[in-house]
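Since the structure comes first, as structure tokens, the remarks are kept for the end.
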Amino acid sequence: MIEIDGRATSADGSLLDACRLVGADVPAFCHDQRLGPGAHCRACLVELDGRVVPACTTRARDGQQVKTGTERLEAYRRDLAELMLAEASPQGRVKETLAALGAVGDRYGKLERPHRRDASHPYLRLDMQRCITCRLCERACADVQGQFVFATLGRGAKTHIDWGQQPFASSDCVSCGACAAVCPTAAISDVDRMRAETQIEEHVVQSTCSYCGVGCQLELHVAADDVVRIEGADSPVNHRQLCVKGRYAHGFARHPDRLTTPLLRKDGALTPVSWQEALAFVARELLRLGGRVAALSSSRCTNEENYLVQKWFRAGLGSHDVDCCARVCHAPSAAGMRRSLGTGAATNSLADIERADLFLVCGSNTTVSHPVTGARIKQAVLAGAKLVVVDPRRTELAQLADVHLQLRPGSNVPLFNALAAVLVEEDLLDRRFLAERTEGFEDYAKFIVTKRPELTEVLSGIPAELVRKAARLYGKALRPMQVHGLGMTEHYQGSEGVMLLCNLALLVGAIGREGVGVNPLRGQNNVQGAADMGCQPDLLTGYSDPNDPAVIERFTRVWGRPLPAQPGRTLPKIYQSIRDGGVAGMFILGEDVVQTDPDANRVRADLASLELLVVQEIFLSETAKLAHVVLPGASFLEKDGTFTNGERRIQRVRKALEPPGQARADWQILCELMAATGYPQTFQHPSQIMDEIASLAPQFAGVSYARLEHEGLQWPVPNLEHPGTPILHRDAFPQGRAKLMRVEYVPSPSLGGSASKLLLVTGRALEHYNSGSMTRRSKNRELLPEDRLQLHAEDAARHGIRDGDRVLVSSAFGQALGIADLSDEVAPGTLFMTFHFPESGANNVTSNVVDRLADCPEYKLTAVEIRRAD
Ligand code: SF4
């Protein structure tokens, strides 16, 4: 025990921690729990057994006697405060604290030192005259984000923080806002904070980010029925960190483009109508079409809403034709992992990032697509973990990697077989794990030795010795953790590629324990949840088998209706059925498939040929423009519910605002549609929908809103006492033993006859999200105003293209326009393009080739030609 001002407390951590525990009022300007002790500001001086010491860097030890408010300390602090005022003009909490310490600011006059002002960035404002050089910004940037934008320059009174010669907007800043969030003087602030200071904040609501599948927790600061600023909440997912989308891209919520009334097509034009008229029209037309209807649910919407969509279509309208955008991203992860391991979801948790000693990052530009997770991996690598990156692009993580396997697009299967071959050949195996937990090793070993890297380098383009080096790193690591993205899944052999990732983990026993595993990084915020809820044609809520008699009995009892007899179709097959005269009506919730699905010209034609297209949306998207009826839904800021992130964590979404105009929460609209089509529901709140989900899905049996209140729960949660499951397969796999899969390479049809063409890979940029409907309606558009086409200088020169030129990209499927971005991040022969802007039409060129097992489109490989646009 330790005594602080006569009050006893435990002696864990620093003296500052102990002072905070007993509530002693010790000022500290450079302290942040995530960053460890700084000892830059010297404000936290305390008396320890008669000596004056900084509390943040002094360890608390049993028996210590500490005083925090003696006259001597007050004099020291006042003197320190006077010096700070001589150097700077701090605002914010530092200004208030210095005044409370009795500093008046004229004792030392004003000391001259360099200071800059900068307003070049759309979100951040810098006025370094206010800076007290506490260095929190520099440390948050480096130690949380791993970005190193700031440096402390000068000596003595000239010490100051700087970011190089350029305007701040041209620095390496990734706009995460961590610097503004920690700055105690408002030397670095952001436009949201400055706006919030002019308004009276009414309340703060904790919710879950609606962009990517990391699932960061947000504090929504609300004033005058608007979110005026967003801060990162303290949660195991993001530890208060956010990215540029989660923190700043909320301007869409009150954008004038929001849909505020139902629209019905009359005389060819979408016309505002009452809810009554819109609902009656939709119900009449859906019932007229009988079971010839299909639904595409939304990974942007809540679990409860996704559950309702598939319940409505299956039990209410008699169609299993229900799918979601998992089809176009991680369906191969689910399919591949289910075949190998028995469960198609991430085996481990984000917390394992800090436990791993090696990362195998495959087909994931993590710092761009999952920025907060990417920053955590970066930090772990900077702290000493090894890193192997498999990616056709030299991504930010690839630049940090011990080994970058820059494979030819489409050669995942030969490369991952080659890595496994090295593990077997060089006996880098966990033989006990293989004997006790897997099946088929002997046959697999005979197969895999024929895939040695020396035999497959011609396919992947990677020298055998580099493959061996990567395999040795993975095989010798104690806790090798895999993460993978859409570069693994969006291929002709996507599911099979994921099985090969599972093989690697099984060979070295890296499943079922901390710091390891196979971990798909889910793309959209609730793509995990949409699949969990049964928004896929062949599986019901909780991955229940619609052909199992016990399942049929359970669902029929709870839903009060029989399940459809006909099996359902995946989204690509739904499109095919539209062309074949089968599906005649579609309901699309919150997905802009015309912009985001491949072969967009054909998607547009298919949807335009429907007898009925109903789109429930927040903006008039490219898809909504084709609809017969558009129903105005609510954004995540305007409704209650839950999202499930990529580590299977079910987290609360809480309403902070009213939906604009006549827009309504999507779950309410769905209940009204169900009632209008003769299948009324009794739900008054999403928590009741979750209760029904828990009654049907064994993985959710122990889930309730009361239990989700704080950090959420990671499924499976089999009963109300169960704490959730951070790590899957600890003791057994669902099917007993895991399977080592033998996969032969089959070249993609996308490559056929493409010898002279370039290979296009599509993906995301940091600043925007998917169709960009939300981020384009925020100041993120100033950060990235158009889609970029990355190409190597050799390819550019061969085609007479210069940096910044408009480039026409052509494939067998259509044409797109991109702005040339000459970059050595791509190898000669490979192009990369984002798809956030409808004007570019990136998905006009992507192909209709799909994964052989999961029907996921091959976005990551299209043979194209390019030329400078006139
Ligand atoms: Fe939102 Fe993903 Fe950014 Fe987190 S990392 S703030 S979940 S977009």
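Quick notes on this one:
- Among the residues making up region 579-590, a single one is surrounded by fewer than 24 Cβ atoms within 10 Å (Cβ to Cβ) and among the hydrophobic types (A, V, I, L, M, F, W, C): A584.
- Residue match in region 112-121 (condition: in contact with a helix residue (DSSP H, G or I) (Cβ under 8 Å, 6 or more places away or on another chain) and in a strand (DSSP E or B)): yes
- S171 being out of contact with any helix residue (DSSP H, G or I) (no Cβ under 9 Å at 6 or more places or on another chain) and among the hydroxyl-bearing types (S, T, Y): yes
- Hits in region 773-784 - residues which are under 18 Å from the mean Cα position of the chain (by Cα), within 13 Å of the ligand (Cβ to nearest atom) and not in a helix (DSSP H, G or I): M774
- Of all the listed residues (G344, G363, G374), the sole one being at positive phi, out of contact with any Pro (no Cβ under 7 Å at 6 or more places or on another chain) and not hydroxyl-bearing (S, T, Y) is G363.
- Restricting the first member to region 370-385 and to residues that are under 11 Å from A356 (Cα atoms) and at pLDDT 95 or above, and the second to residues that are part of a loop (DSSP other than H, G, I, E, B) and more than 8 Å from the ligand (Cβ to nearest atom), the beta-carbon pairs closer than 7 Å and six or more apart or on different chains are A380/A356; A385/A356; A385/D357.
- Residues being polar (S, T, N, Q) and surrounded by fewer than 17 Cβ atoms within 10 Å (Cβ to Cβ) - total across region 22-73: 4
- Residue check, T343 among the hydroxyl-bearing types (S, T, Y) and open to solvent by 10 Å² or more (accessible area, probe 1.4 Å): yes
- Considering (1) within 16 Å of the ligand (Cβ to nearest atom); (2) touching a Ser or Thr at 6+ places or on another chain (Cβ under 9 Å); (3) more than 18 Å from E825 (Cα to Cα); (4) open to solvent by 10 Å² or more (accessible area, probe 1.4 Å), the lone condition that A375 does not fulfil carries the number (4).
- Sub-7 Å Cβ pairs linking a first residue in region 145-171 that is open to solvent by less than 30 Å² (accessible area, probe 1.4 Å) to a second residue that is assigned to a strand (DSSP E or B), at least 6 apart or interchain, are F150/I161; H160/L153; I161/T152; D162/A151; D162/L153; F168/D118; F168/L124; F168/L126, ordered by first then second residue.
- For Q399, the conditions (1) without any contact (Cβ under 8 Å) to a residue 24 or more places away in the chain; (2) part of a helix (DSSP H, G or I); (3) under 33 Å from the mean Cα position of the chain (by Cα); (4) buried (at least 17 other Cβ atoms within 10 Å of the Cβ) are fulfilled apart from (4).
- Residue satisfying all of: in region 730-772; within 16 Å of the ligand (Cβ to nearest atom) and among the hydrophobic types (A, V, I, L, M, F, W, C); farthest from L861 (Cα to Cα) among these: L766
- In region 619-648, the residue that is surrounded by the most Cβ atoms within 10 Å (Cβ to Cβ) out of those that are outside any loop (DSSP other than H, G, I, E, B) and within 24 Å of the chain's Cα centre (by Cα) is T644.
- When residues of region 591-613 are limited to those that are of a type in the set (G, A, S) and open to solvent by 10 Å² or more (accessible area, probe 1.4 Å), the one farthest from M774 (Cα to Cα): S609
- For L478: the one exception among (1) within 16 Å of the ligand (Cβ to nearest atom); (2) open to solvent by 20 Å² or more (accessible area, probe 1.4 Å); (3) of a type in the set (A, V, I, L, M, F, W, C): (1)
- Criterion (in contact (Cβ under 8 Å) with a residue 24 or more places away in the chain, among the polar types (S, T, N, Q) and within 16 Å of the ligand (Cβ to nearest atom)) met by exactly one of Q699, Q651, Q681, Q662: Q651
- Only one of the numbered conditions (1) open to solvent by 40 Å² or more (accessible area, probe 1.4 Å); (2) assigned to a helix (DSSP H, G or I) is not met by E82, and that is (1).
- Test for L789: is it open to solvent by less than 80 Å² (accessible area, probe 1.4 Å), in contact with a Gly (Cβ under 6 Å, 6 or more places away or on another chain) and not in a loop (DSSP other than H, G, I, E, B): yes
- Matching residues in region 604-618 - criterion: being in a loop (DSSP other than H, G, I, E, B) and either of a type in the set (D, E, K, R) or touching an Asp or Glu at 6+ places or on another chain (Cβ under 8 Å) (or both): E611
- Filter pass, S333 being polar (S, T, N, Q), within 19 Å of L500 (Cβ to Cβ), open to solvent by less than 20 Å² (accessible area, probe 1.4 Å) and within 16 Å of the ligand (Cβ to nearest atom): no
- Residue match in region 90-104 (condition: among the hydroxyl-bearing types (S, T, Y), in a helix (DSSP H, G or I) and open to solvent by less than 70 Å² (accessible area, probe 1.4 Å)): yes
- Counting only strands (runs of 3 or more DSSP E) that fall entirely inside region 196-241 and contain at least 3 residues that are surrounded by fewer than 20 Cβ atoms within 10 Å (Cβ to Cβ) and away from the ligand (no atom under 13 Å from the Cβ), the qualifying elements are 203-208.
- Options R300, R254, R292, R247; residue that is open to solvent by 40 Å² or more (accessible area, probe 1.4 Å) and within 16 Å of the ligand (Cβ to nearest atom): R300
- Members of region 251-279 that are farther than 22 Å from M774 by Cα and without any contact (Cβ under 8 Å) to a residue 60 or more places away in the chain: K266, D267, G268, A269, T271, P272, V273, S274, Q276, E277
- Residues in region 173-186 that are at pLDDT below 95 and either in contact with a Pro (Cβ under 7 Å, 6 or more places away or on another chain) or more than 30 Å from L98 (Cβ to Cβ) (or both): T185 only.
- Of all residue pairs spaced 6 or more apart or on separate chains, those with beta-carbon atoms under 8 Å, a first member in region 222-242 that is acidic (D, E) and a second member that is more than 10 Å from the ligand (Cβ to nearest atom) and open to solvent by 10 Å² or more (accessible area, probe 1.4 Å) are D225/E658; D226/R254; E231/A181; E231/E219; E231/H221; E231/R240; D234/R240.
- The set of residues in region 410-456 that are at positive phi and without any contact (Cβ under 8 Å) to a residue 60 or more places away in the chain contains only D427.
- Looking at L466, L478, just one residue is under 30 Å from P371 (Cα atoms) and assigned to a loop (DSSP other than H, G, I, E, B), and that residue is L478.
- Here the condition is being part of a helix (DSSP H, G or I) and modelled with pLDDT under 90; of R107, R193, it holds for R193 alone.
The values are calculated or read from the model by the stated rules, or taken from the named source; none is laboratory data. Since the structure is predicted, the reported quantities are computational estimates derived from the model, not experimental observations. Quick reminder, even Gly has a Cβ in these numbers, built from the backbone with ideal geometry, and neighbours come from all protein chains shown. Surface accessibility is based on the protein's heavy atoms, side chains included, excluding ligands, DNA and RNA. Shrake-Rupley method; radii C 1.70, N 1.55, O 1.52, S 1.80 Å.
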